[in-house]
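Take a look at the structure below.
The values are calculated or read from the model by the stated rules, or taken from the named source; none is laboratory data. Since the structure is predicted, the reported quantities are computational estimates derived from the model, not experimental observations. When we count neighbours, we look across all protein chains shown, and the Cβ atoms used for this are built from the backbone with ideal geometry, even at glycine.
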Amino acid sequence: MLDVIGLATVAMDVIMQVDELPQEDGFAIVGKSNYLPGGSGTNVITQVSRLSGKCGFMAQIGDDNLGEEIKSSIVQEKIDERGLRTIPNSTSLHTDIVVDSKGRKFILLNMGNSFLNMKKTDVDVNYLTQAKILYTDFLPGEAALQALKEAKKAGMTTVFNLQVGMNTMENLGVSKEMVLEALQYVDIFAPCQGGFYQLCETQDLPEACKYIRGYFKKLLLVTLGSKGSIAFDETDTKTFVPVYPIKVVDTTGAGDSYLGAFMYSYLIDKKPLRAAMEFATACAAFTCQNVGARTCPTLNQANEMINHGK
(Lines give C-alpha, C1' and ligand atoms only; values in the text may rest on other atoms or scores of the structure.)
Protein backbone atom coordinates (compact mmCIF):
# COMPACT_ATOMS: atom_id res chain seq x y z
CA MET A 1 0.00 0.00 0.00
CA LEU A 2 1.34 3.42 -0.97
CA ASP A 3 0.96 6.48 1.23
CA VAL A 4 0.63 9.08 -1.54
CA ILE A 5 0.11 9.06 -5.28
CA GLY A 6 0.64 12.26 -7.21
CA LEU A 7 -1.15 13.18 -10.41
CA ALA A 8 0.48 16.47 -11.19
CA THR A 9 3.13 18.38 -13.11
CA VAL A 10 6.20 16.45 -14.20
CA ALA A 11 8.98 18.01 -16.25
CA MET A 12 12.68 18.18 -16.98
CA ASP A 13 14.80 21.32 -16.90
CA VAL A 14 17.36 21.51 -19.69
CA ILE A 15 19.99 24.03 -18.59
CA MET A 16 22.23 25.37 -21.35
CA GLN A 17 25.29 27.36 -20.32
CA VAL A 18 26.23 29.94 -22.95
CA ASP A 19 28.99 32.51 -23.36
CA GLU A 20 26.48 35.36 -23.39
CA LEU A 21 22.75 35.85 -23.87
CA PRO A 22 22.02 36.58 -27.53
CA GLN A 23 20.54 39.84 -28.70
CA GLU A 24 17.74 39.92 -31.29
CA ASP A 25 18.89 38.01 -34.41
CA GLY A 26 22.08 37.08 -32.54
CA PHE A 27 23.46 33.75 -31.45
CA ALA A 28 25.28 32.20 -28.49
CA ILE A 29 27.73 29.35 -28.08
CA VAL A 30 26.49 26.53 -25.83
CA GLY A 31 29.30 25.33 -23.62
CA LYS A 32 27.51 22.65 -21.62
CA SER A 33 23.99 21.28 -21.20
CA ASN A 34 22.61 19.64 -18.06
CA TYR A 35 19.38 17.84 -17.29
CA LEU A 36 17.80 18.61 -13.93
CA PRO A 37 14.48 17.05 -12.84
CA GLY A 38 11.72 19.58 -12.29
CA GLY A 39 7.98 19.98 -12.25
CA SER A 40 6.27 21.14 -9.06
CA GLY A 41 4.23 17.94 -8.78
CA THR A 42 7.23 15.65 -8.73
CA ASN A 43 9.04 18.07 -6.39
CA VAL A 44 6.21 17.73 -3.85
CA ILE A 45 6.17 13.93 -4.07
CA THR A 46 9.97 13.84 -3.86
CA GLN A 47 9.76 15.66 -0.52
CA VAL A 48 7.29 13.09 0.82
CA SER A 49 9.54 10.27 -0.35
CA ARG A 50 12.69 11.77 1.20
CA LEU A 51 10.83 11.96 4.51
CA SER A 52 10.22 8.17 4.24
CA GLY A 53 6.71 8.23 2.74
CA LYS A 54 5.86 5.51 0.21
CA CYS A 55 4.94 7.29 -3.00
CA GLY A 56 3.83 6.77 -6.58
CA PHE A 57 3.22 9.08 -9.51
CA MET A 58 0.80 9.23 -12.45
CA ALA A 59 1.51 11.25 -15.60
CA GLN A 60 2.17 11.00 -19.31
CA ILE A 61 5.68 11.47 -20.72
CA GLY A 62 7.14 11.24 -24.19
CA ASP A 63 9.32 8.47 -25.56
CA ASP A 64 12.17 10.97 -25.98
CA ASN A 65 15.41 11.25 -24.00
CA LEU A 66 13.71 13.73 -21.66
CA GLY A 67 11.05 11.15 -20.82
CA GLU A 68 13.75 8.64 -19.94
CA GLU A 69 15.46 11.23 -17.74
CA ILE A 70 12.16 12.00 -15.99
CA LYS A 71 11.49 8.34 -15.29
CA SER A 72 15.05 7.78 -14.09
CA SER A 73 14.86 10.74 -11.67
CA ILE A 74 11.60 9.43 -10.21
CA VAL A 75 13.05 5.95 -9.67
CA GLN A 76 16.16 7.51 -8.10
CA GLU A 77 13.94 9.23 -5.52
CA LYS A 78 12.37 5.84 -4.61
CA ILE A 79 9.03 6.81 -6.14
CA ASP A 80 7.03 4.07 -7.81
CA GLU A 81 6.99 4.80 -11.54
CA ARG A 82 4.32 2.30 -12.64
CA GLY A 83 1.80 5.12 -13.04
CA LEU A 84 3.88 6.81 -15.75
CA ARG A 85 2.58 6.27 -19.30
CA THR A 86 5.08 6.67 -22.13
CA ILE A 87 3.39 8.00 -25.27
CA PRO A 88 5.02 6.91 -28.56
CA ASN A 89 6.39 9.57 -30.92
CA SER A 90 5.81 12.39 -28.45
CA THR A 91 7.72 15.07 -26.56
CA SER A 92 7.90 15.39 -22.78
CA LEU A 93 7.10 18.61 -20.94
CA HIS A 94 10.33 20.51 -20.32
CA THR A 95 11.89 23.91 -19.85
CA ASP A 96 14.92 25.19 -21.77
CA ILE A 97 16.87 27.46 -19.42
CA VAL A 98 19.63 29.49 -21.07
CA VAL A 99 22.17 30.91 -18.58
CA ASP A 100 25.21 33.06 -19.32
CA SER A 101 28.47 33.39 -17.38
CA LYS A 102 27.02 36.20 -15.22
CA GLY A 103 24.00 34.17 -14.16
CA ARG A 104 21.55 36.02 -16.40
CA LYS A 105 18.99 33.75 -17.98
CA PHE A 106 15.80 33.29 -19.93
CA ILE A 107 13.42 30.34 -19.77
CA LEU A 108 11.43 28.71 -22.57
CA LEU A 109 8.54 26.45 -21.57
CA ASN A 110 7.95 23.60 -24.01
CA MET A 111 4.67 21.87 -23.16
CA GLY A 112 5.40 18.99 -25.52
CA ASN A 113 2.50 16.82 -26.67
CA SER A 114 2.24 14.16 -23.99
CA PHE A 115 1.63 15.64 -20.53
CA LEU A 116 -1.47 17.78 -21.14
CA ASN A 117 -3.02 15.16 -23.42
CA MET A 118 -3.83 12.89 -20.48
CA LYS A 119 -7.62 12.39 -20.47
CA LYS A 120 -10.01 11.10 -17.83
CA THR A 121 -10.07 7.70 -19.54
CA ASP A 122 -6.29 7.50 -19.05
CA VAL A 123 -6.59 7.49 -15.25
CA ASP A 124 -5.62 4.01 -14.00
CA VAL A 125 -8.12 3.57 -11.16
CA ASN A 126 -6.60 0.27 -10.01
CA TYR A 127 -3.22 1.93 -9.57
CA LEU A 128 -4.66 5.11 -8.06
CA THR A 129 -6.56 3.29 -5.33
CA GLN A 130 -3.41 1.52 -4.10
CA ALA A 131 -2.69 4.68 -2.12
CA LYS A 132 -4.25 6.34 0.93
CA ILE A 133 -3.77 9.90 -0.34
CA LEU A 134 -4.10 11.59 -3.75
CA TYR A 135 -2.09 14.74 -4.35
CA THR A 136 -2.75 16.91 -7.40
CA ASP A 137 -1.97 20.39 -8.69
CA PHE A 138 -4.92 19.91 -11.08
CA LEU A 139 -2.81 19.52 -14.18
CA PRO A 140 -3.86 18.09 -16.56
CA GLY A 141 -7.34 19.27 -15.53
CA GLU A 142 -9.57 16.59 -17.06
CA ALA A 143 -7.50 13.71 -15.71
CA ALA A 144 -7.07 15.37 -12.30
CA LEU A 145 -10.80 15.90 -11.87
CA GLN A 146 -11.49 12.26 -12.73
CA ALA A 147 -8.78 11.11 -10.30
CA LEU A 148 -10.30 13.21 -7.51
CA LYS A 149 -13.72 11.66 -8.12
CA GLU A 150 -12.31 8.12 -8.14
CA ALA A 151 -10.20 8.80 -5.04
CA LYS A 152 -13.19 10.00 -3.02
CA LYS A 153 -15.23 7.04 -4.23
CA ALA A 154 -12.47 4.79 -2.86
CA GLY A 155 -12.35 6.61 0.50
CA MET A 156 -8.94 8.23 -0.08
CA THR A 157 -7.83 11.57 1.35
CA THR A 158 -7.41 14.19 -1.38
CA VAL A 159 -5.10 17.21 -1.50
CA PHE A 160 -5.37 19.96 -4.14
CA ASN A 161 -2.45 22.37 -4.36
CA LEU A 162 -3.21 25.34 -6.63
CA GLN A 163 0.39 26.19 -7.49
CA VAL A 164 -0.08 29.03 -9.97
CA GLY A 165 -2.48 31.83 -10.82
CA MET A 166 -5.74 31.30 -12.66
CA ASN A 167 -4.45 33.08 -15.77
CA THR A 168 -1.81 30.37 -16.13
CA MET A 169 -4.29 27.61 -15.31
CA GLU A 170 -6.68 28.87 -17.98
CA ASN A 171 -3.88 28.93 -20.54
CA LEU A 172 -3.30 25.27 -19.65
CA GLY A 173 -6.95 24.36 -20.20
CA VAL A 174 -8.28 24.65 -16.63
CA SER A 175 -11.12 27.11 -16.04
CA LYS A 176 -12.24 28.69 -12.78
CA GLU A 177 -15.45 26.64 -13.02
CA MET A 178 -13.43 23.40 -13.19
CA VAL A 179 -11.44 24.38 -10.09
CA LEU A 180 -14.57 25.22 -8.10
CA GLU A 181 -16.25 22.00 -9.24
CA ALA A 182 -13.24 19.99 -8.10
CA LEU A 183 -13.38 21.35 -4.55
CA GLN A 184 -16.33 19.11 -3.64
CA TYR A 185 -13.94 16.14 -3.95
CA VAL A 186 -11.12 17.73 -1.94
CA ASP A 187 -10.19 17.30 1.75
CA ILE A 188 -7.28 19.76 1.87
CA PHE A 189 -7.20 22.77 -0.44
CA ALA A 190 -3.74 24.34 -0.40
CA PRO A 191 -3.44 27.28 -2.83
CA CYS A 192 -0.54 29.67 -3.10
CA GLN A 193 -1.49 33.23 -2.18
CA GLY A 194 -1.49 34.54 -5.76
CA GLY A 195 -3.56 31.67 -7.09
CA PHE A 196 -6.00 31.94 -4.20
CA TYR A 197 -6.56 35.66 -4.73
CA GLN A 198 -7.06 35.25 -8.48
CA LEU A 199 -9.51 32.40 -7.92
CA CYS A 200 -11.53 34.48 -5.45
CA GLU A 201 -11.09 37.73 -7.42
CA THR A 202 -9.93 39.74 -4.41
CA GLN A 203 -6.61 40.74 -2.82
CA ASP A 204 -8.12 40.63 0.68
CA LEU A 205 -7.52 37.40 2.61
CA PRO A 206 -10.68 37.47 4.78
CA GLU A 207 -12.80 38.23 1.71
CA ALA A 208 -11.12 35.41 -0.22
CA CYS A 209 -11.76 32.98 2.63
CA LYS A 210 -15.40 34.05 2.83
CA TYR A 211 -15.78 33.52 -0.92
CA ILE A 212 -14.18 30.06 -0.99
CA ARG A 213 -16.33 28.85 1.91
CA GLY A 214 -19.24 28.98 -0.50
CA TYR A 215 -17.62 26.05 -2.33
CA PHE A 216 -15.30 24.39 0.19
CA LYS A 217 -15.86 23.61 3.88
CA LYS A 218 -12.83 21.50 4.83
CA LEU A 219 -9.18 22.31 5.65
CA LEU A 220 -7.92 25.40 3.84
CA LEU A 221 -4.15 25.94 3.88
CA VAL A 222 -2.73 29.05 2.20
CA THR A 223 0.99 29.64 1.73
CA LEU A 224 1.90 33.33 2.01
CA GLY A 225 5.50 33.33 0.76
CA SER A 226 7.79 35.31 3.05
CA LYS A 227 4.87 35.95 5.44
CA GLY A 228 4.46 32.25 6.38
CA SER A 229 1.34 30.12 6.08
CA ILE A 230 -2.18 30.18 7.46
CA ALA A 231 -4.80 27.46 7.86
CA PHE A 232 -8.52 27.41 8.59
CA ASP A 233 -10.05 24.13 9.77
CA GLU A 234 -13.66 23.04 9.28
CA THR A 235 -14.76 25.27 12.18
CA ASP A 236 -12.80 28.19 10.63
CA THR A 237 -10.35 28.20 13.54
CA LYS A 238 -7.24 30.03 12.31
CA THR A 239 -3.68 28.74 12.67
CA PHE A 240 -0.79 30.96 11.56
CA VAL A 241 2.87 29.93 11.36
CA PRO A 242 5.58 32.47 10.37
CA VAL A 243 8.56 31.60 8.18
CA TYR A 244 11.69 30.06 9.68
CA PRO A 245 14.38 32.65 10.55
CA ILE A 246 17.16 31.85 8.07
CA LYS A 247 19.34 33.54 5.48
CA VAL A 248 17.59 32.78 2.19
CA VAL A 249 19.73 31.64 -0.75
CA ASP A 250 17.10 30.49 -3.25
CA THR A 251 13.34 30.15 -2.76
CA THR A 252 12.89 27.82 -5.76
CA GLY A 253 10.98 24.74 -4.66
CA ALA A 254 10.21 26.02 -1.17
CA GLY A 255 6.45 25.81 -1.66
CA ASP A 256 6.78 22.29 -3.05
CA SER A 257 8.85 21.25 -0.04
CA TYR A 258 6.29 22.81 2.30
CA LEU A 259 3.36 20.88 0.81
CA GLY A 260 5.20 17.58 0.67
CA ALA A 261 6.37 17.95 4.26
CA PHE A 262 2.91 19.01 5.44
CA MET A 263 1.28 15.96 3.87
CA TYR A 264 3.88 13.70 5.45
CA SER A 265 3.56 15.23 8.92
CA TYR A 266 -0.22 15.78 9.00
CA LEU A 267 -1.56 12.83 7.01
CA ILE A 268 1.11 10.14 7.40
CA ASP A 269 2.80 10.93 10.72
CA LYS A 270 -0.55 12.13 12.15
CA LYS A 271 0.80 15.26 13.82
CA PRO A 272 -1.59 18.06 14.94
CA LEU A 273 -2.21 20.86 12.46
CA ARG A 274 0.11 23.46 13.99
CA ALA A 275 2.93 20.95 14.49
CA ALA A 276 2.57 19.80 10.88
CA MET A 277 2.70 23.39 9.63
CA GLU A 278 5.79 24.09 11.74
CA PHE A 279 7.50 20.96 10.42
CA ALA A 280 6.62 21.94 6.83
CA THR A 281 7.96 25.45 7.44
CA ALA A 282 11.29 24.02 8.62
CA CYS A 283 11.55 21.82 5.52
CA ALA A 284 10.81 24.78 3.25
CA ALA A 285 13.48 26.80 5.07
CA PHE A 286 16.02 24.00 4.52
CA THR A 287 15.23 24.13 0.79
CA CYS A 288 15.70 27.92 0.77
CA GLN A 289 19.26 27.53 2.08
CA ASN A 290 20.34 25.71 -1.08
CA VAL A 291 20.19 26.40 -4.82
CA GLY A 292 17.64 24.50 -6.91
CA ALA A 293 14.16 23.02 -6.69
CA ARG A 294 15.24 19.55 -5.56
CA THR A 295 17.21 20.47 -2.45
CA CYS A 296 14.47 19.43 -0.01
CA PRO A 297 15.56 17.61 3.17
CA THR A 298 15.52 14.03 4.31
CA LEU A 299 13.81 13.22 7.60
CA ASN A 300 17.12 13.34 9.47
CA GLN A 301 18.03 16.69 7.92
CA ALA A 302 14.62 18.13 8.77
CA ASN A 303 14.83 16.98 12.38
CA GLU A 304 18.39 18.33 12.71
CA MET A 305 17.23 21.73 11.48
CA ILE A 306 14.30 21.78 13.89
CA ASN A 307 16.51 20.73 16.84
CA HIS A 308 19.12 23.33 15.88
CA GLY A 309 16.46 26.04 15.85
CA LYS A 310 15.20 25.25 19.37
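How about the stretch 124-161: which of its residues are buried (at least 23 other Cβ atoms within 10 Å of the Cβ), among the aliphatic types (A, V, I, L, M) and assigned to a loop (DSSP other than H, G, I, E, B)? Answer for the stretch 124-161, where residues must be buried (at least 23 other Cβ atoms within 10 Å of the Cβ), among the aliphatic types (A, V, I, L, M) and assigned to a loop (DSSP other than H, G, I, E, B): just LEU139. Exactly one residue among PHE279, PHE262, PHE240 is closer than 20 Å to GLY39 by Cα and aromatic (Phe, Trp, Tyr), and that residue is PHE262.
ALA190: of a type outside the set (Lys, Arg), over 23 Å from THR252 (Cβ atoms) and surrounded by 23 or more Cβ atoms within 10 Å (Cβ to Cβ), yes or no?
Details: of a type outside the set (Lys, Arg): yes; over 23 Å from THR252 (Cβ atoms): no; surrounded by 23 or more Cβ atoms within 10 Å (Cβ to Cβ): yes.
When the stated conditions are applied, ALA190 does not pass them.
So the check is Cβ under 6 Å with 6+ separation or different chains; which pairs have a first residue in the stretch 100-111 that's of a type outside the set (Phe, Trp, Tyr) and a second one that's not in a strand (DSSP E or B)? Qualifying pairs under 6 Å: ASP100/GLU20; ASP100/LEU21; ARG104/LEU21; MET111/LEU93.
Screening GLY292, GLY255, GLY260 for residues that are of a type outside the set (Asp, Glu), more than 17 Å from SER52 (Cβ to Cβ) and either without any contact (Cβ under 8 Å) to a residue 12 or more places away in the chain or not in a loop (DSSP other than H, G, I, E, B) (or both) leaves exactly one candidate, GLY255. Can you pull out the residues in the stretch 157-175 that are modelled with pLDDT of 95 or more and either over 19 Å from the mean Cα position of the chain (by Cα) or among the polar types (S, T, N, Q) (or both)? Across the stretch 157-175, the qualifying residues are THR157, THR158, ASN161, SER175. If you take the residues in the stretch 92-123 that are in a strand (DSSP E or B) and among the polar types (S, T, N, Q), which one is nearest to the chain's Cα centre (by Cα)? Ranking the qualifying residues of the stretch 92-123, first place goes to THR95. The set of residues in the stretch 7-45 being under 20 Å from ALA147 (Cα atoms), β-branched (Val, Ile, Thr) and in contact (Cβ under 8 Å) with a residue 40 or more places away in the chain consists of THR9, VAL10, VAL44, ILE45.
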